[in-house]
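What follows is a short report on a single structure.
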Amino acid sequence: MKQALRKAQRDTRRLEGVNGELKNQVVSLEKGIVERKQMRYGRNNVKRDGWGRRDHNNLQSANKICKEKLFPKFKFLPVPDWKKFTPTEKGTLCYQIWKVVTVPRGADGEIYWDNRMIPIVNKKYVEMRSNLNSAMRRRWQREIYVLVNVCFAPILF
């Protein structure tokens, strides 16, 4: 009886150790899946397939916070730290956006950040920088046009 109890306790400890190793393996495999599924951060990588109402609301909220709070202060995103999932650290981009975003039920926050919010923020920043560059280019061209007309028109005509 005592031997059977000892053997059962040894088996239980051994199985708990194996279970812990398997849990660690599952966690590392899940991280690998997330890393493989991450989207590239190009200009038009916001795929809206399978988006729900909450995703569209999060898109509008993230665009608004980027436009009104972040872009006036920071013209460029801090590379590569802005992509990190840090919803509890004040002062990070993730924290600022996480205050206005709601994660859908059943979704992991880190996966949602990597696959939805990073492409949304990146796309908005690319669009805003492009608009700023275009406005600056138009203004520069107008100034050159005025300069040419004021300085060189009397000489040429």
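Just so you know, all these numbers are worked out from the coordinates, no wet-lab data involved. Given the structure is predicted, the values throughout are model-derived calculations rather than measurements. Here Cβ is always computed from backbone atoms with ideal geometry, including for glycine, and neighbour counts include all displayed protein chains.
The length gained by stretching the chain between Arg54 and Val146 to full extension, at 0.36 nm per residue less their Cα-Cα distance, is 28.2 nm. Subtracting the Cα-Cα distance of Leu132 and Lys75 from 0.36 nm times their residue separation leaves 19.5 nm of extension gain.
Relative contact order, whole percent, for the range 58-157 stands at 33, derived from Cα pairs under 8 Å and 6 or more residues apart. Each residue in Trp113, Trp140 was given a count of other beta-carbon atoms within 10 angstrom of its own, and listing them fewest first yields Trp140, Trp113.
Computed extension length for Leu22-Arg105: 27.2 nm, one decimal, from 0.36 nm per residue of separation with the Cα-Cα distance subtracted. 3J(HN,Hα) along the range 80-90, derived from phi through the Karplus expression 6.51 cos²θ - 1.76 cosθ + 1.60 where θ = phi - 60°, amounts to x, 5, 5, 7, 5, 8, 9, x, 9, 8, 5 Hz, with x in place of Gly and Pro.
In straight-distance terms, cross-link reach from Lys23 covers every one of the lysines whose alpha-carbon lies under 23 Å from its own, apart from those fewer than eight places away in the same chain; here that gives Lys31, Lys37.
With the simple spin-label model, which puts each label point 7 Å out from Cα in the Cβ direction, the Thr88 to Leu15 separation comes to 3.4 nm. Take each peptide in 85-91, 8-14, count the other Cβ atoms within 10 Å of every residue, and average; sorted highest first, the result is 85-91, 8-14.
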